[in-house]
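I am attaching a structure below and will ask some questions about it afterwards.
The values are calculated or read from the model by the stated rules, or taken from the named source; none is laboratory data. Worth saying up front: this structure is predicted, and the values here are computed from it rather than measured. Don't worry about glycine lacking a Cβ; one is built from the backbone with ideal geometry, like all the others, and counts go over all protein chains shown. Areas reflect the complete protein model, heavy atoms only, side chains present, ligands, DNA and RNA absent. Shrake-Rupley method; radii C 1.70, N 1.55, O 1.52, S 1.80 Å.
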Amino acid sequence: MANGQFHALTSGVHSVLGYPQLPTVSIASVGLRVGVFSGEASEWDRFVVLQRGWTAFHRYAWRSVITSVHGRECPFLCARDEIGRLRGVLPLV
């Protein structure tokens, strides 16, 4: 990943943590777009359970637990390929 692409990706994460609007970032060299997850919980969970090392804390339902117990916003980010398939997830808790 080129340095500029990494900066663009990390600047998106910083905006979730208190800076202005979270942009969708295009990582053209690998054909991925990174942004806020807006799909169904079932899509997130299907992807998560296929990953090595996943835990219950990676599941979509964990978002509502954190929100209701701690009153915190939990942005969930994802990476999608050029045809919209989910290729990566990042639950920010």
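Pairs only if they're at least six apart or on different chains, beta carbon under 7 angstrom, first in the stretch 52-69 and without any contact (Cβ under 8 Å) to a residue 40 or more places away in the chain and more than 12 Å from residue 41 (Cβ to Cβ), second open to solvent by less than 60 Å² (accessible area, probe 1.4 Å) and assigned to a loop (DSSP other than H, G, I, E, B); list them, first residue then second.
Short answer, once both residue conditions are applied: 66/74; 67/74.
Let me ask you something else. Which residues, counting only those in the stretch 34-54, are open to solvent by less than 50 Å² (accessible area, probe 1.4 Å) and not in a helix (DSSP H, G or I)?
34, 35, 37, 39
Considering each residue of the stretch 70-83, count those that are open to solvent by less than 100 Å² (accessible area, probe 1.4 Å) and among the aliphatic types (A, V, I, L, M), and give that number.
2
Return the residues of the stretch 55-93 that are small (Gly, Ala, Ser) and in a loop (DSSP other than H, G, I, E, B); say none if nothing qualifies.
Result: 71, 84.
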